[in-house]
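Asker: Take a look at this one; I'll ask things after.
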Amino acid sequence: MILKSLAEKHENHSGTQMKEVTHEENHAWCRTWKDEAGQYDKIDYTLSVPGDKYDEVMAQAKEHAEFKELLRG
């Protein structure tokens with residue numbers, strides 16, 4: 001659901017437009033990069049979740065993780 005929502009939101013954006021959004025100062029990529037110190041680190045997706053959507057997104061992520069665990073059984 002998260003990826004589908006993201007794809008629908010940005011389906012008409014160019015690569016340049018996406019880079020401007022994803023590399024915006026003080027956002028997820030910028031906070032992870034930290035002057036190259038984190039260049040090989042995974043970007044924590046929770047850094048990119050807007051504050052007003054945080055609880056909703058984290059609840060969906062938890063539900064997704066629980067569902068995946070059930071499938072592994």
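Every number here is computed from the coordinates shown, using simple stated rules; none is lab data. None of the values given here were measured: they were computed from a predicted structure. Cβ placement follows ideal geometry from the backbone for every residue including glycine, while neighbour counts extend to all protein chains displayed.
Asker: Which loop chymotrypsin sites (Phe, Trp or Tyr not before Pro) in the range 5-60, with loop taken from DSSP, have no more than 14 other Cβ atoms within 10 angstrom of their Cβ? Numbers along the way, then the final one.
Answerer: Working: sites: TRP29, TRP33, TYR40, TYR45, TYR54; in loops: TYR40.
Those satisfying the criteria are TYR40.
Asker: While we're here: Suppose only helical runs count, i.e. DSSP H with n ≥ 4. What mean residue ellipticity at 222 nm does that imply for the chain under -39500 (n - 2.57) per run, divided by all residues and rounded to the nearest 500 deg cm²/dmol?
Answerer: Values: 4 runs with 42 residues, N = 73.
After summing the helix terms and dividing by residue count, I get -17000 deg cm²/dmol.
Asker: For volume of the Cα convex hull per residue in Å³, pick the label among (1) 58; (2) 84; (3) 122 that corresponds to the value derived from the coordinates.
Answerer: Here volume of the Cα convex hull per residue in Å³ agrees with entry (3).
Asker: Would you mind telling me which residue in THR32, THR46, THR16 has the biggest mean-square fluctuation in a Gaussian network model of the chain, where springs connect alpha carbons within a distance under 10 angstrom?
Answerer: THR16
Asker: For TRP33 and ARG72, what does the FRET efficiency come to when R0 = 35 Å and r is the distance between their Cβ atoms, rounded to the nearest 0.05?
Answerer: Values: r = 33 Å, r/R0 = 0.95.
E between TRP33 and ARG72, to the nearest 0.05, is 0.60.
Asker: Another question, then. Please state the relative contact order of the chain as a whole percent: Cα pairs under 8 Å, 6+ residues apart?
Answerer: Working: 25 pairs, mean separation 12.9, N = 73.
Rounded, it is 18 percent for the chain.
Asker: Moving on. Can you pull out the GluC sites (Glu not before Pro) in the chain that DSSP calls coil and that have at most 15 other Cβ atoms within 10 Å?
Answerer: On the way: sites: GLU8, GLU11, GLU20, GLU24, GLU25, GLU36, GLU56, GLU63, GLU66, GLU69; in loops: GLU11, GLU24, GLU25, GLU36.
Answer by residue number: GLU11, GLU24, GLU25, GLU36.
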